[in-house]
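Chemist: Take this structure, written in C-alpha cells, and hold onto it; I'll ask about it next.
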Amino acid sequence: MAEASNEFAKKLAAIKESYVNEALPSQLQAVSVSATHFMAATSRESAVEALSQLHAASHKLAGSSGTFGLPKMSVAARSLSDFTDTDGPVNVENYQQHRAEVMTLVEAVAQIDVADDLSI
C-alpha cells in the first residue's frame, strides 16, 4: 500500500514539475501577449477581442495554477480573469478607462515568484 502511494506521489510530482517548467511559461506568455494587444488596441473591436483573449488566458492560468499548488498565482490570475470577464467592469464602452487597472493586474500576475509560491 505504501509503495503504491509513493509511486502515485512521484507521478503527481512529475506532472507538477512538467506544468511549472512547460505549461506555466506558455500560459504566462499568453497573458502577456493578450495584455500587449489590449494596450495597443486602437478600436473598440480590437480592444474587446484582446480583452476576451486576456480573460481566457488568465482564466486558464487561474485554474491550472491552483490545481498545481500555486495559490498566489491562482489568486492573482483569478483577479485578472474576473476583472476582464465580459460581465465584469470592463466593457466595449469603457475599456480605455480601465487600461491602467488591467495592466496593474497583469503585472501582479507576472511578479509572482513561482518558487516561493510552490513552497507555501
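Chemist: Taking Cα pairs under 8 Å and at least six residues apart, what relative contact order does the range 2-118 come out at, in percent? Walk me through the numbers before you get to the answer.
Modeler: On the way: 114 pairs, mean separation 28.2, N = 117.
Computed value for the range 2-118: 24 percent relative contact order.
Chemist: So for the chain, taking the charge dipole from beta-carbon charges (+1 Lys/Arg, -1 Asp/Glu), which of Leu105, Ser26, Asn6 sits furthest toward the positive end?
Modeler: Asn6
Chemist: I would also like to ask the following. Helix by helix, which DSSP H runs in the chain go 30 Å or more along their axis at the Cα atoms and have an average Kyte-Doolittle hydropathy of -1.0 or more?
Modeler: Passing helices, by number: 44-67.
Chemist: As a check on your grasp of the helix formula, calculate [θ] at 222 nm for the chain: sum -39500 (n - 2.57) over DSSP H runs of n ≥ 4, divide by the residue count, round to the nearest 500.
Modeler: Result for the chain, helices only: -24000 deg cm²/dmol.
Values in this text are rule-based calculations from the coordinates and carry no lab data. None of these values were measured; they are calculated from a predicted model. Neighbour counts are summed over all protein chains in view; Cβ atoms, including those assigned to glycine, are modelled from backbone coordinates with ideal geometry.
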